[in-house]
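Colleague: There's a structure below that I have some questions on.
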Amino acid sequence: MLKTFSIKEVAKKFDLSISTIRYYDKRGLLPFVAKNAAGYRIFTETDLNLIKTIVCLKNTGMSINNIKTYIELVMAGPSSIDERKKLLLNHRRQVLQEQQVLADNLREVDFKIKKYESPDAESVIKNELEYVAREKKKLNL
């Protein structure tokens, strides 16, 4: 049986505010969503699949303008497959670069945690502070 969803149900399902969904609609990201006779947005299972993609792209840093471009390409049908693929491959490269930056930063955080967990953490930190003070003094800072 086919099912429809209210904006409130969609907001809850994707952990979005209702105002965010309305914003996405106003920005042209939801051209596929129908409205009932009273003017309320009515979402279908297929709509939810596209919203899932929109949320994924947004959560991975794609701009609203690029998401809109992607949705426009989706709405254009099969003739836009190559353009969609190109857009997503470019986005994927950006996500991988961001992952690398996060991994590098996480290694630094882990290094600090290990230092603070070591049995000689207090003496290590004391030595570091003394070194910094000597360095500043030698540089007349």
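Since every read-out is calculated from the coordinates, none of them should be taken as a lab result. Note that the structure is a prediction, hence the values are computed from the model and not measured. With ideal geometry, Cβ positions are generated from the backbone for all residues, glycine too; neighbour counts draw on all protein chains shown.
Colleague: Could you go through segment 73-86 and let me know if any residue there is surrounded by 10 or more Cβ atoms within 10 Å (Cβ to Cβ), farther than 30 Å from PRO31 by Cα and of a type in the set (Ser, Thr, Tyr).
Modeller: No, segment 73-86 contains no residue that is surrounded by 10 or more Cβ atoms within 10 Å (Cβ to Cβ), farther than 30 Å from PRO31 by Cα and of a type in the set (Ser, Thr, Tyr).
Colleague: Please go through segment 53-76 and give me each residue that is under 12 Å from the mean Cα position of the chain (by Cα), in contact (Cβ under 8 Å) with a residue 24 or more places away in the chain and over 16 Å from LEU89 (Cβ atoms), ordered by number.
Modeller: Once the filter is applied, which keeps residues that are under 12 Å from the mean Cα position of the chain (by Cα), in contact (Cβ under 8 Å) with a residue 24 or more places away in the chain and over 16 Å from LEU89 (Cβ atoms), segment 53-76 yields ILE54, VAL55, ILE64.
Colleague: Can you tell me which residue in segment 1-32 is nearest to ILE54 (Cα to Cα), limited to those that are charged (D, E, K, R) and part of a helix (DSSP H, G or I)?
Modeller: Only one residue tops the list, namely ASP25.
Colleague: Please pick out the residue among ILE64, ILE113 that is out of contact with any Gly (no Cβ under 8 Å at 6 or more places or on another chain), within 21 Å of ARG27 (Cα to Cα) and either of a type in the set (A, V, I, L, M, F, W, C) or surrounded by 13 or more Cβ atoms within 10 Å (Cβ to Cβ) (or both).
Modeller: Checking each option against the conditions leaves just ILE64.
Colleague: Considering segment 1-50 alone, what residues qualify as being more than 18 Å from ILE71 (Cα to Cα) and either touching a Cys at 6+ places or on another chain (Cβ under 8 Å) or of a type in the set (Gly, Ala, Ser) (or both)?
Modeller: SER6, ALA11, SER17, SER19, ALA37, ALA38, GLY39
Colleague: Scan segment 117-136 for residues that are of a type outside the set (Val, Ile, Thr), assigned to a helix (DSSP H, G or I) and loosely packed, with under 11 Cβ neighbours inside 10 Å and jot them down.
Modeller: Taking segment 117-136 as the starting set, the residues that turn out to be of a type outside the set (Val, Ile, Thr) are 117-123, 126-131, 133-136.
Filter once more, so that each one left must be assigned to a helix (DSSP H, G or I): 117, 121-123, 126-131, 133-136.
Selection gives GLU117, GLU122, SER123, LEU129, GLU130, TYR131, ALA133, ARG134, GLU135, LYS136.
Colleague: Considering only residues that are surrounded by 13 or more Cβ atoms within 10 Å (Cβ to Cβ) and of a type in the set (D, E, K, R), which ones fall in segment 21-61?
Modeller: ARG22, ASP25, ARG27, ARG41, ASP47, LYS58
Colleague: Check whether at least one residue in segment 33-44 is outside any loop (DSSP other than H, G, I, E, B) and farther than 30 Å from MET1 by Cα, and report yes or no.
Modeller: Among the residues of segment 33-44, not one is outside any loop (DSSP other than H, G, I, E, B) and farther than 30 Å from MET1 by Cα, which makes the answer no.
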